[in-house]
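Read the structure below first, then the notes.
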Amino acid sequence: MASVHDSLYFNPMLTNGVVHANVFGVRDWVTPHKMALLVLLSELGRAGAQLGLLERRRLNRLLLPLLQGPDMALSRLRKAIEECCPHLAGSVHIRLKLMAEGELKDMEQFFDDLSDSFSGTEPEVHKTSVVGLFLRHMILAYNKLSFSQVYKLYTALQQYFQKDEKKDGADESEMELTNPEELDGKMEKEELDGPLREEEMACSGPLSQKQAEYFLSQQASLLKNDETKALAPASLQKELNNLLKFNPDFAEAHYLSYLNSLRVQDVFSSTHSLLHYFDRLILTGAESKSNGDEGYGRSLRYAALNLAALHCRFGHYQQAELALQEAIRIAQESNDHVCLQHCLSWLYILEQKIFDSCVLLEHSVNKSLHFGLPYLASLGIQSLVQQRAFAGKAANKLMDALKDSDLLHWKHSLSELIDISIAQKTAIWRLYGRSTMALQQAQTLLSMNSLEAVNVGVQQNNTESFAVVLCHLAELHAEQGYFAAASEILKHLKERFPPNSQHAQLWMLFDQKIQFERAMNDGRYHVADSLVAGITALNSIEGVYRKAIVLKAQNQMSEAHKLLQKLLIHCQKIKNTEMVIRVLLSIAELYWRSSCHTIALPVLLQALALAREYSLQYLASETVLNLAFSQLILGIPEQALNILHMAIEPVLAHGAVLDKGCAMFLVAKCQVASAASYTPQKKIEALESAILNLNEAKTYFAKVDCKEQLRDVLYFQARLFHTLGKTQERNKCAMLFRQLHQELPAHGVPLINAFK
C-alpha cells in the first residue's frame, strides 16, 4: 500500500515508487489510491443534481468502506464505481489520466481546489461529516509534505495509473481470445462491504493507523459473527505479521493473532501472542495512563487469568490452576472484586474436572449479582442448570431457573447469552427425551434475529449455540426418516462452519453418527464399522459404544460383551448416566441373543431405576419396552401387554421412527402370543389387530430403510395371513420377504430373540 509521511519523524523507504512507513505515527497519509478517492469525491460534487437518486444512494453506500478500508488497485476501484454509476467512473478515469500524464503543477492545483469544497454559505461538504473529515485529513497531510515527498507522491500516482493501463491492455487481449459466455461467468459482483480477499491483502503495503484499526476490528468481528468470511488462518497471520513488522508494539494485533491461533488449536502461538499482547499493553501505558501503578497490576492479573483460561481450553489443567492462583493472589492484593469473580468462575470449571460441587458455582452467582456482573451471573446460572440436569433434577425447576436468567439477558440486551440459553433448553429437552419440545426451541433460536449490529452480507449468529441447535435439528430429522432434510442441514453447517473452524467438530460428529445409523439400518455393517474410527476420534465414548453395536450386529457376542463391560465401568466412573443406561440395554440384548433371558432382567431393572432417578423419561420408556420383551420371551405376554401401555405413548410421541416401528412390532408379537388362549372369534380379532399394528410398524421401518426389520415384519405378516386363510395377502408378503431375504445376509438368529 502506498504511504507518504513526514521524514522528520520516520525513516521512510522507497519500494516500487511508493514511500512506506516502518511504524504507525500519523492517523493518515496521502496515497495514490486516496487521491483517486479524492477525485471521485470531487466529481461527485460536480455532478450534483445530474445524478439520479438511486445512483447517489449506491455511491453513498460505496464510499464508507472505500474511505475506511486499505488501498486497492485502480481497476477494482473503477469496477466498483461503474456498478454504481458508469458515467461517473469515466469522469474519474479521465481526471486521473490528465493528472498522471500532465505535470506536477496539475496535482498541486487539484489539492488547492479541494479547499473550495468547504467555502460558501452552502458548502458542498460539511467539515464535520465523514467525507469532510477525510478531505481535511488529506489536505493537511499533503500540506505537510516536503518537495521531495510531493515528487515521490506524483511518481507513485503515475505508476499507479500506468499499472492499471497495462492491466487493461492485457484484459483486452484476453477478451479477444475468450468466449462471451466464459467472460460473463468471470464478471461477478464484488462485495465491498465484506472482508478483503487474500490476494488484495497480499499486494497491499503497510497500513495507516486508522486503516489498521479498521482491519483489526473487521477481522475480529468476522471471527465472532461469521468466521467463513474472515481471512483464512494462514493469510490472516501473514497480514498480522506484516502489521507487527512495522509496529511491534501494536497490542491489538497481538490479540487478534492470539484469536487466530485459537482457530487452529495452536497452543504455542496462542500463548506467545497472548503474552505479547499484555506485555505491549503494559509498555504502551494504555492501562496505566490514569491509574498509575493500578493499571500495571490490572494488566498482570488479567494476563494471568487469560492464561489460565487458555490452558484450561487446551486441557492443561495443572498449568491452568497455577496461573489462576497467580491471578487470584494479584487480584486480592489489589482488592479487585470483578477479577476475583471471574477467577471464581474458572476455579469452578477446574474443580469440576475433579469432583462435582455446586457450592463454588452458587457462591459465584450470588457474588456476581451483588457486584452487578449480569453476564457472569447468567453464565453461572447456565452452568448450574446444566449440572443439575445431569443430576436428574425435574425439568420444570430447570426451566424456571433458565427463565430467571432470560430476564437478565433481555434486561441487559445480552444477545449471545440469549442464544446460549435457548440452545441449553434444546439440549435439556433432548436429554429428557422430549423431541417435540427440543424441535420447538431449536426453531425459536433459528428464527431469531441477532441484537448485535453486523455488516451487510455477514452471517449473523455463527456461534457455538447455533451449531449445537442445527446439529440437534439434523439429528431430529434423521430420526424421523427425513434424511434429505438432514443432509441439507448438514450441508448448511459445513458451509457455515468450515472444517478448519473451531465449532466444526460438532457437525462432524453428528454427520458420522447419522451415517452410522443409516448403515446399520440398511444392514451394511462393514460401512458402519469403517465409520467407528471417525466417531472415536471426535468422541471416544461414542466410538467405543458404536463399535460394540457393530460387533453385536455381527454376532461377535463375547467381544461386544467385553467392550461394553469396560465402557460401563468407565461411564460409571465419570458419571455419564445416559450412556450407562444405553450400555445396560445393549448388555441385556446380548443376554437375550445368548438365551440367558433371566440374567437380562436384573440388568434392565437397574437401567430402569437409573432412568427414573435421573428423570430420563424416554430412556425409561425404552427400558420398559425391553422389559416387556423379556416378559414375552419368558412366556407371560399378557403382563407384557399391560406394561407396554405404560411406555408406548412417550415413544410414539417423541421417539425416533425406528423406535416407533420396534414398539409397534413388539405390540403385535404380544398380541399374537396372548391370542393362543383366546376363543376362536376373539383370536381372529386379535390377529387382525396385530396385522394392523404390523402394517404401521412396516411403514415406520420403510421410512428409515431398515430392511432387516422389514423382512421380519413381512415374515410375521405372512404367517398371520396364512393362519387367517388369506392366501393372496400371504403370497404377497412371502414374495416381498423372499426378495429381502435374498438381498440381506441371514445370521441364523431366531426372530423372537431380537427386540430391535
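The values are calculated or read from the model by the stated rules, or taken from the named source; none is laboratory data. These figures come from a predicted structure and were not determined experimentally. Neighbour counts are summed over all protein chains in view; Cβ atoms, including those assigned to glycine, are modelled from backbone coordinates with ideal geometry. Calculation scope for accessible area: heavy atoms of the full protein, side chains included, ligands and nucleic acids excluded. Shrake-Rupley method; radii C 1.70, N 1.55, O 1.52, S 1.80 Å.
Scanning segment 219-231 for residues that are at pLDDT below 85 and of a type outside the set (A, V, I, L, M, F, W, C) returns SER221, LYS224, ASN225, ASP226, GLU227, THR228, LYS229.
Would you list the helices (runs of 4 or more DSSP H) that sit entirely within segment 499-604 and hold 2 or more residues that are among the β-branched types (Val, Ile, Thr) and open to solvent by 50 Å² or more (accessible area, probe 1.4 Å)? So that I can check it myself, show each step before the final result.
Working: elements: 504-521, 525-538, 540-553, 557-574, 577-593.
Fully inside segment 499-604 and qualifying: 557-574.
Scanning segment 605-628 for residues that are more than 21 Å from VAL550 (Cα to Cα), of a type in the set (Ser, Thr, Tyr) and part of a helix (DSSP H, G or I) yields TYR618, SER621. What do you reckon, is ALA141 within 27 Å of ASN60 (Cα to Cα), surrounded by 14 or more Cβ atoms within 10 Å (Cβ to Cβ) and either at pLDDT 85 or above or under 49 Å from the mean Cα position of the chain (by Cα) (or both)? Yes: the conditions hold for ALA141. Note on segment 692-725: among residues that are over 15 Å from LEU666 (Cα atoms) and either free of Cβ contacts under 8 Å to residues at least 12 places away in the same chain or assigned to a loop (DSSP other than H, G, I, E, B) (or both), the one that is most open to solvent (accessible area, probe 1.4 Å) is ARG719. What tally of residues in segment 148-160 results from selecting those that are of a type in the set (Phe, Trp, Tyr) and either over 16 Å from ASP106 (Cβ atoms) or crowded, with 19+ Cβ neighbours inside 10 Å (or both)? Qualifying residue count, segment 148-160: 2.
Within segment 292-406, which helices (runs of 4 or more DSSP H) (wholly inside it) include 3 or more residues that are open to solvent by less than 90 Å² (accessible area, probe 1.4 Å) and in contact with a Ser or Thr (Cβ under 7 Å, 6 or more places away or on another chain)? Spell out how you get there, then give the answer.
Details: elements: 293-313, 317-334, 337-352, 359-370, 374-390.
Of the helices (runs of 4 or more DSSP H) lying wholly inside segment 292-406, those with at least 3 residues that are open to solvent by less than 90 Å² (accessible area, probe 1.4 Å) and in contact with a Ser or Thr (Cβ under 7 Å, 6 or more places away or on another chain) span 293-313, 337-352, 374-390.
Answer yes or no: is there a residue in segment 653-671 that is without any contact (Cβ under 8 Å) to a residue 24 or more places away in the chain and either among the acidic types (Asp, Glu) or crowded, with 18+ Cβ neighbours inside 10 Å (or both). No; the residues of segment 653-671 include none that is without any contact (Cβ under 8 Å) to a residue 24 or more places away in the chain and either among the acidic types (Asp, Glu) or crowded, with 18+ Cβ neighbours inside 10 Å (or both).
Listed here are the residues, each with its yes/no results for (1) part of a helix (DSSP H, G or I); (2) under 19 Å from TYR160 (Cα atoms); (3) within 39 Å of the chain's Cα centre (by Cα); (4) of a type outside the set (Val, Ile, Thr).
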residue	(1), (2), (3), (4)
PRO65	yes, no, yes, yes
MET72	no, yes, yes, yes
LYS79	yes, yes, yes, yes
GLU83	yes, no, yes, yes
LEU88	yes, no, no, yes
SER91	yes, yes, no, yes
ARG95	yes, yes, no, yes
MET99	yes, yes, no, yes
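Take the conditions (1) in contact (Cβ under 8 Å) with a residue 12 or more places away in the chain; (2) within 29 Å of the chain's Cα centre (by Cα); LYS403 misses just one of them, which is (1).
Give segment 47-60 a look and list any residue that's free of Cβ contacts under 8 Å to residues at least 40 places away in the same chain and either more than 23 Å from ILE94 (Cα to Cα) or in a helix (DSSP H, G or I) (or both), or say none. Answer for segment 47-60, where residues must be free of Cβ contacts under 8 Å to residues at least 40 places away in the same chain and either more than 23 Å from ILE94 (Cα to Cα) or in a helix (DSSP H, G or I) (or both): GLY48, ALA49, GLN50, LEU53, LEU54, GLU55, ARG56, ARG57, ARG58, LEU59, ASN60.
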